[in-house]
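Notes follow the structure.
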Amino acid sequence: MTQKTLMIGALALLLGACAQAPRKTPAPVETPRQVTPMKSEKLPPPGHKAGPAPPRRSEAAPPGVTASGISTQTIGRRKYADVAAYQPPEEMQAAPVYTPAITGLLEQAQALETQGRLSEAAAKIERALDQAPKDAFLWHRLAQITLAQNNAPQAEELAERSNAHAAGDLPLQRANWRLIADARRMRGDQQGAIQAEAHARSVR
Amino acid sequence: MASKRPPARKKKAAPRKGRPPAKRRTPSARGRGAKKTAKSGRRRGWLFFGLPLLLVFAGYLTYLDWRVRDAFEGQRSATPARVYARPLALYPGARLSAAQLEYELTALGYRRVSGVLQGAGQWSRSGAEYRIRQRAFRFWDGAREPERLQLELANSRLAALRDPSGDNLNVARLEPVEIGSIYPAHNQDRVPVRLKAVPRALTDALIAVEDQGFRGHRGLDFIAIARALWVNLRAGRVVQGGSTLTQQLVKNLYLSPERTLWRKLNEALMAVLLEIHYSKDAILQAYLNEVYLGQDGGRAIHGFGLGSRFFFNRPLSELDLPRMALLAALVKGPSWYNPQRHPERARERRNLVLRLMQEQGLISAAERAQAAAAPLGLAPGRAGRDGRRPGLDLVRRQLARDYRDPDLTSTGLRIFTSLDPWLQHQAEQALSRGIEALEGERSGLQGAAVLTAADSGEVLALVGGRGGAGFNRALDAVRPIGSLVKPAVYLAALQRDAGYNLLSPLEDTPLLVRARNGEEWRPDNFDQVAHGVVPLHSALAKSYNLATVRLGMGVGLERVADTLRKLGAERPFDAYPAMLLGSVSLSPLEVARLYQTLAAGGFKTDLRVIRGVQSAAGEPLDRYPLRLERTLEPGPVYLLNRLLQEVAASGTGSGLSAYLDPALAVAGKTGTTDELRDSWFAGFDGARVGVVWLGRDDNAPAGLTGAGGALRVWGDMMRRIGPRPLRLTPPDTVESVWIDQATGLRGGPDCAHASPVPYLRGTAPEVFASCALDNGFGSTTQ
């Protein structure tokens, strides 16, 4: 899953209007203050709130600017807040996971999404899924867009589907659980939302 | 729906508008009549008899006028929905063989040329490099794809994708193949064209041969009528008609084909009325879209737009002179000059058209000579034909949930589907070859096949039987599924609270089951041998009936039935004991849905075939997004899928190794019903779910087991479509534990006969076997 993390980071690079060329870490993310081993059973990154954090509302503006000066504003404000918080593992391969085709479709989807053309954005992600049907991040994106379409029940199913393919990708699993929490809150299921948030925190 | 309304309103308005011209005639006729009666002094009598007559005539004219306008306006909007396959996705790294690419291009009616591509719909190849010039196409998402593409294939993959300037493209699509249309009950199909888009030479050819005076006359051509009369008199029979294009249009639009004087009179009147209301161009355009050109089974080919697709599998704009002349030639007698059945007649008639064109100065002598020497140029095989009905049937049924029939058949909707022409072709080949090979003495063997995308649930291919259209077995052959039901039994047993695991011992011994209604049932194994105590995984791999019935009775019929429903069975069935061995009847498509849920790790999806619907104007109307529902826990589904891999590797499905590399680790299950009536195989690889059924329409024994029949077709089908390895990811709730086979206790790599076995977390044995005690503790892996 290291590759996926790398790719997600690279995506944030593309989208996040990054002015700074990162040197050692190819992904424009927080400067790792702690080496995150790839082995599971690890601690969350120091910046990450652990324990009973206040319920995270994704509409709230993310911290915006990270240690390395990367901002997740504009396009990906809401969607990529999570991405920017990733701690990439040290050992990373150079080869990107996604083909330019999928990257292109992700970009198109994002552009459509910001224009509010959600149905078309979802169609782009489905096209990408045709090419990489087991890709957890693509399922996650579909869940995000579906949630933006106010289809909370489907968004939750899609986030679960993403998790089914996200073995080992803990940040993505957390993101999915937070999305599930949002979806449940949208449906008015406060109890379920709190459970999902607890689940998100327990993934580590 | 919205676009259908306006014409309907116009229809009502038409008669009112239409009245004035008819009325205008009445006074003048009446005026003449009045003079006469004044002279003869029988004015009152005329009024008494003549006025009503005139009124009747005026009324009749008004009625005709209304009919003329009504049908003319109606004709403009009556456009059947067109159904498209999935567009071929092109991106570097995509799996794409030369055979597949060329199949797709041929199906699209693209022509291979050598050298530079002159126009749309052409491609060239040099070595592994292809150049394609696409037609413009409005995709569902509104996007257009690059017109010129350069592709490079290597090792059955798309190695490079570039535009003409040599820049790399990330992704592109080929326009989708049109797989059919949804035409109304009267079976008229057409692809309307605008006059502007019709090549001049085609209208020239048409006018030259059918109605030379078209541009000048007012609906009737008296010179032509006189000439025809003279010719016919001399010949003593009808050899030439004097009908104008306008009259022919009237005949096609409004009248029955009978040849009576009354009809002729009506035709003439209506032709004149039509010319009063509409311009020559409007009439010509209507004619081009209305004219009957041939028959495709039950489908009537109307208009040059569809005619061009039907006969040549390409749009009008890409026709050359001889083909256009042939279309014009057919007008006179579509069945008499049918170019498929009577190529010589068609050629003669075509060359007559060419001669007339030259005589009228429309083409040069050289052009005529060249065109007259050309072959008929019909599209080969089934291209352009309405033969791929099975998929279309499903499209129609799914559309019927959201659209009214008239909207589908007349508003020109564009339907985008997930159907894949290449996979369809391969599945058809696998089925027909498989049946041929199996048939031997068994005549009357039939079959069906379904392919779906394992993750999205999109239907990729449907084969409804061999031998073309007719009964669509993939959708409508509802047959007992036999052992295909067993995964539901085992899945119910593998749920955490049911308490079974892959090594649970089952008794494969005779039993007597007494149903609630008191009936007794003694199931038996296929080989009629009881195998004693067997581990659960072997019982499924070998498809032991006795062990399965005992397991199902132990778990509870209602739980098994519930699992079956969670897998996606919607047809009502009774939770009788016989259900455990597959007395449940389902269609191949419904079976695909069950296995789809397994392939997707417990997420049930609707099997979708429609991706989106676009209005005739190109505006997106509906998108059918992926919908899924987690109905089954991932852990037990994972365990079951491991079992289904074992079935294929060493169980009743081991025959697959003749077709598929065992390393692909596909999952599947055989199914056989009583007296070998039905032979089933259902399964999946890493990308697709496939179901094959073989049997007879009369439900007589086909003499085939699942392994002896359907499995072979399935294996061949998956081999043809490029199978993908099935890599199952264990969910968090599953752990893999070394088990010593001798004792069934926890073992370790040091044990002589130990292997890792997946368990739901916390359900593995906790006691270690002696062989694992040497190095302290047993170890768990993964």
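The values are calculated or read from the model by the stated rules, or taken from the named source; none is laboratory data. All values reported here derive from a predicted model rather than from experimental measurement. For neighbour counting, all protein chains shown are included, and Cβ atoms are generated from backbone atoms with ideal geometry for every residue, glycine included. Surface accessibility is based on the protein's heavy atoms, side chains included, excluding ligands, DNA and RNA. Shrake-Rupley method; radii C 1.70, N 1.55, O 1.52, S 1.80 Å.
For this structure, a couple of remarks:
- Rounded to the nearest 100, the interface formed by chains A and B buries 2200 square angstrom of accessible surface, both chains summed, with a 1.4 Å probe.
- Delta accessible area of at least 30 Å² on complex formation, residues of the stretch B:151-198, 1.4 Å probe, chain isolated as reference: B:Asn170, B:Val171, B:Arg173
- Buried on complex formation within the stretch B:620-658 (loss of at least 30 square angstrom of accessible surface versus the isolated chain, 1.4 Å probe, ligands and nucleic acids ignored): B:Arg623, B:Leu626, B:Arg627, B:Leu628, B:Arg630.
- The long axis of helix B:200-210 is offset from the longest Cα principal axis of chain B by roughly 60 degrees.
- Computing FRET efficiency as 1/(1 + (r/R0)^6) for B:Lys332 and B:Gln118, where r is the C-beta to C-beta distance and R0 is 30 Å, gives about 0.40.
- With the cut-off at under 15 Å, measuring from each backbone N in the stretch B:718-761 to a point 7 Å along the Cα-to-Cβ line of B:Ala437 picks out B:718-721.
- Quarter of the Cα convex hull surface for the stretch A:107-184, i.e. its orientation-mean projected area (nm²): 4.6
- Solvent-accessible surface ranking, highest first, for A:Glu160, B:Glu348 at 1.4 angstrom: B:Glu348, A:Glu160
- Against the main long axis of the alpha-carbon atoms of chain B, helix B:421-439 sits at an angle near 70°.
- Percent accessible area from carbon and sulfur atoms, chain B, protein chains only, probe 1.4 Å: 52
- Within 10 Å of the Cβ of each residue in A:155-167, the mean number of Cβ atoms contributed by other protein chains is 4.
- Nearest 10 degrees, 0 to 90: helix B:545-555 Cα axis against chain B principal axis: 90
- Solvent-accessible area of B:Leu378 with every protein chain in place, 1.4 Å probe, in Å² to the nearest 10: 50
- Burial here means at least 50 square angstrom less accessible surface with every protein chain in place than with the chain by itself, probed at 1.4 Å; in the stretch A:121-144 the buried residues are A:Glu126, A:Arg127, A:Gln131, A:Lys134.
- J(HN,Hα) series, the stretch B:488-494, from Karplus relation 6.51 cos²θ - 1.76 cosθ + 1.60, nearest Hz, glycine and proline x: 5, 5, 5, 5, 4, 6, 8
- Qualifying GluC sites (Glu not before Pro) in the stretch B:463-553, DSSP loop, other Cβ atoms within 10 Å at most 16: B:Glu519
- Sorting B:Met553, B:Met717 by accessible area puts them as B:Met553, B:Met717; the probe is 1.4 Å, largest comes first, and only protein heavy atoms count.
- Three-way shape call for the stretch B:87-175 based on the alpha-carbon gyration tensor, with the a/c threshold at 1.5: rounded
- Maximal additional length on extending the B:Ala136-B:Lys264 stretch stands at 41.7 nm, based on 0.36 nm per residue less the C-alpha distance.
- Contour excess over end-to-end distance, with Cα ends at B:Ala143 and B:Arg761 and 0.36 nm allotted per residue: 217.6 nm
- Looking at the stretch B:436-517, the trypsin sites (Lys or Arg not before Pro) that sit in a DSSP loop and have at most 14 other Cβ atoms within 10 Å of their own Cβ are B:Arg516.
- Distance between the pseudo-spin-label points of B:Arg227 and B:Arg345 (7 Å out from Cα toward the beta carbon): 2.4 nm.
- Sorted from greatest to least, the principal axis extents spanned by the alpha carbons of chain B come out as 131, 67, 49 Å.
- Think of a 1.4 Å ball rolled over the protein heavy atoms: chain B then has 44 Å² of accessible area per residue.
- Here is the list for the stretch B:685-760: trypsin sites (Lys or Arg not before Pro) lying in DSSP coil, each with at most 12 other C-beta atoms within 10 angstrom of its C-beta, are B:Arg727.
- Heavy-atom accessible area for B:Phe48, with the other protein chains in place and a 1.4 Å probe, reaches approximately 150 Å².
- Pair-distance distribution of the stretch B:538-652: all C-alpha pairs, bin width 5 Å, starting at 0; shares per bin in whole percent are 2, 10, 16, 19, 21, 12, 6, 5, 4, 3, 2, 1, 0.
- Here the calculated FRET efficiency for B:Asp697 and B:Arg218, from their Cβ-Cβ distance with R0 = 60 Å, stands at 0.55, rounded to the nearest 0.05.
- 5 angstrom amide H check on B:Leu586, placed H, neighbours 5+ away: B:Arg479, B:Ile481
- Site pair B:Ala616 and B:Ala185 shows an inter-label distance of 2.1 nm when each label is modelled 7 Å from Cα along Cα→Cβ.
- Take every pair of alpha-carbon atoms less than 8 Å apart whose residues are at least six positions apart; their mean separation over the length of chain B yields a relative contact order of 10 percent.
- Amide hydrogen proximity for B:Leu745: with H placed 1.01 Å from N in the peptide plane, the residues at 5 or more positions away or on another chain lying under 5 Å are B:Asp740.
- B:Leu265 contributes an accessible area of around 100 Å² to the protein surface, as traced by a 1.4 Å probe with all chains present.
- Available extension along the chain between B:Ser165 and B:Tyr60 is 31.2 nm, counting 0.36 nm per residue and deducting the alpha carbon span.
- Accessible surface ranking that places the most exposed of B:Glu175, B:Glu439, B:Glu152 first, with a 1.4 angstrom probe: B:Glu152, B:Glu439, B:Glu175
- Average other protein chain Cβ within 10 Å of Cβ, residues B:91-100: 2
- Inter-chain neighbour count for B:741-753: the average number of beta-carbon atoms from partner chains within 10 Å of each residue's beta-carbon is 0.
- For the stretch A:98-204, the solvent-accessible area of protein heavy atoms averages 32 Å² per residue (probe radius 1.4 Å; ligands and nucleic acids excluded).
- Pairwise centroid distance, computed over Cα atoms, of the stretch B:249-324 with the stretch B:638-713, Å: 52
- Here the 3J(HN,Hα) profile of the stretch B:304-315, calculated from phi with Karplus coefficients 6.51, -1.76 and 1.60 at θ = phi - 60°, is 6, x, 6, x, 4, 5, 5, 7, 10, 6, 7, x Hz, Gly and Pro shown as x.
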